[in-house]
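Participant: Here it is, the structure, as C-alpha cells.
The values are calculated or read from the model by the stated rules, or taken from the named source; none is laboratory data. Only a predicted model underlies this, so the values are computations on that prediction, with no experimental measurement involved. Note that we place each Cβ from the backbone using ideal geometry, even for glycine, and neighbour counts take in every protein chain shown. Note: accessible area is taken over every heavy atom of the protein model, side chains too, but ligands, DNA and RNA are not part of it. Shrake-Rupley method; radii C 1.70, N 1.55, O 1.52, S 1.80 Å.
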Amino acid sequence: MMKLLIAWDLLVQMALRGVKVIEFAGLAPVPFCGMILSDFGAKVIRIDRPHAFDLDRQGRGKRSIAIDMKKKEGLSIVKQLCADADVLIEPFRAGVMEKLGLGPKTLLSENPRLVYARLTGYGQNGPMSTRAGHDINYIATSGVLSYLGRKGEKPHAPVNLLADFAGGGMTCALGIVMALYERSQSGQGQVIDSSMVEGSAYVANWLWKSHKLDIWGKPRGENVLDGGAPFYDTYETADKKYMAVGSLEPQFYVKLIQGLGLNLDEYPQNMTDSNKLKQKFTEVFASKTRDEWTEIFQDTDACCTPVLEPGEAPLHPHNVTNKSFLQSTDGGFEPGPAPRLSRTPGVDRVLEAPRLGQHTVEILKELGFSGETIQKHIDSEVVLQRQNTAKL
C-alpha cells in the first residue's frame, strides 16, 4: 500500500496528472504509447483478456483488469470504464471494435470528450486495412525499408523500432497529447487514426526531401549516411568491440584523422576514394581496443564515440549524470522518460508493472460494483482476478 501511495503522490506533479487512459492490451506499439502517457502522470488501466499470455514489457505504472469481452457483462464493464475516460487506445484491425459494439461512434456518443486512438499497421481505410502485418511489412509498404541496407545487399530492417515504436507508439502518443490540448479549447474528443505505415513514412520524411543534397540520392548503401561514407560508419576494435564515427563536417574529420595518426594530405575527406579510406580506417581501428580509442577521442570533437552495449549505457558517466536510465527493483536498468520537462517531469523511478488481472477487484470497486456482484463476475469468469487477496 505504501508503494502505491508513493506512486500516486508522484503523479500529482506530472504533466498528464488527472488523465484517465483505457488501454486495450496489445503488442509493442500500444503498450509503448500507454507507457509514455503513464510515465508523464496519466492513470492507465490496461484491459487484458483472461488467461492470455502477459507479453507486455512496457507496463510500468499501469493497472490491469482482465475482462472477457465475449460476454455481454464484460462488454458492459468496458463501456463503464470508457464512460468517464479521457483516452482510449486500441490495437485491433479495422472493424474489430465496431463488431464488439465499442466503436468510436458508440463510445463518443456516450462520452463526447473521449480521445479515441486507433493504433494499427495499415490504418482504418484502404484495401490493406484488415490485413495482418508486422514492423517489417509496414516499413516496406511505406517505402522506408528500401532505403535501409548495405551496398549490394538486400534491404535490412532495423529490428522493429521504426514502425512499432517511432512511427507507431510515439506518433500516436503525440496525436493523443495534441487531441487533449485541442479538447481543452473545444471541449470535444475525436478519433485518432494512427497508421504505422504513415507514421514510419512521416518519421522518414527527410529521406524524401533530401535527394538533391550531395549526401543522398545514390543507390542504397552508397550514400553518406547509410554506410557509403567511411567517415560515417562503425569500426571493429582490437577487442572485438566497436567505435562509431560521424565525422561529417571537415573540421571534425580533421580531428578524426589526427586521432587516428594519419596524414590529411594522404587521406583527404571525399567519397571518391571511399574504399581506400574505409580499408585504412578498418586497419587502424583494429590496432587498439575500444577503451584505448575512447580515451584518444575523449576530449575532441572528432565525433568518434564507443558503441556501448545495453548493459554499459546506463553506467556511462554522461548518462549517470543526467539520470537517463532508471534502476528497477531487480537491479537492472531501463531508459527513463524523454523529453525532460522542467516543472512537470516524468517518473524518476521504475513504477511497478501489473500482472494480468492484478487490479480487477480494485477497479471494479472504483466503478461502484458491490462485493457480491464482483464475486459473481469472478465466478462466472466475466473477469479474472489474478490475486484473490483483495477483500470484497
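Participant: For the range 161-184, name all the residues that are among the charged types (D, E, K, R) and closer than 20 Å to Leu16 by Cα.
Facilitator: Those that are among the charged types (D, E, K, R) and closer than 20 Å to Leu16 by Cα: Glu182, Arg183.
Participant: Let me ask another. Among the residues of the range 180-230, write down those that are within 29 Å of Gly126 (Cα to Cα), in a loop (DSSP other than H, G, I, E, B) and of a type in the set (Gly, Ala, Ser).
Facilitator: Residues satisfying the conditions are Gly189, Ala204, Ser210.
Participant: Going residue by residue through the range 270-281, is there one that turns out to be touching an Asp or Glu at 6+ places or on another chain (Cβ under 8 Å), open to solvent by 20 Å² or more (accessible area, probe 1.4 Å) and closer than 27 Å to Glu309 by Cα?
Facilitator: yes
Participant: Which of (1) polar (S, T, N, Q); (2) out of contact with any Phe, Trp or Tyr (no Cβ under 6 Å at 6 or more places or on another chain); (3) at pLDDT below 95 does Gln80 not meet, given it meets every other one?
Facilitator: Unmet for Gln80, out of (1) polar (S, T, N, Q); (2) out of contact with any Phe, Trp or Tyr (no Cβ under 6 Å at 6 or more places or on another chain); (3) at pLDDT below 95: (3).
Participant: Quick one: would you say Thr305 is more than 27 Å from the chain's Cα centre (by Cα), within 19 Å of Leu256 (Cα to Cα), of a type in the set (Ser, Thr, Tyr) and surrounded by 15 or more Cβ atoms within 10 Å (Cβ to Cβ)?
Facilitator: no
Participant: Which of the residues spanning the range 284-295 are part of a helix (DSSP H, G or I), within 14 Å of Lys241 (Cα to Cα) and open to solvent by 70 Å² or more (accessible area, probe 1.4 Å)?
Facilitator: Passing the criteria: Asp291, Glu292.
Participant: Return the pairs, sorted by first residue and then second, in which the second residue is among the small types (Gly, Ala, Ser) and open to solvent by 10 Å² or more (accessible area, probe 1.4 Å), the first residue lies in the range 58-86 and is at positive phi and touching a residue at least 40 places away in the same chain (Cβ under 8 Å), the beta carbons are less than 8 Å apart, and the residues are 6+ apart or on different chains.
Facilitator: Listed pairs, sorted by first residue: Gly61/Ala7; Gly61/Ala353.
Participant: Hey, any hits in the range 98-113 for a residue that's without any contact (Cβ under 8 Å) to a residue 40 or more places away in the chain, touching a Ser or Thr at 6+ places or on another chain (Cβ under 8 Å) and either open to solvent by less than 20 Å² (accessible area, probe 1.4 Å) or on the phi > 0 side of the Ramachandran plot (or both)?
Facilitator: No, every residue in the range 98-113 fails to be without any contact (Cβ under 8 Å) to a residue 40 or more places away in the chain, touching a Ser or Thr at 6+ places or on another chain (Cβ under 8 Å) and either open to solvent by less than 20 Å² (accessible area, probe 1.4 Å) or on the phi > 0 side of the Ramachandran plot (or both).
Participant: On to the next question. Among the residues of the range 235-265, which ones are outside any loop (DSSP other than H, G, I, E, B), open to solvent by less than 70 Å² (accessible area, probe 1.4 Å) and in contact (Cβ under 8 Å) with a residue 60 or more places away in the chain?
Facilitator: Within the range 235-265, Met243, Ala244 meet the criteria.
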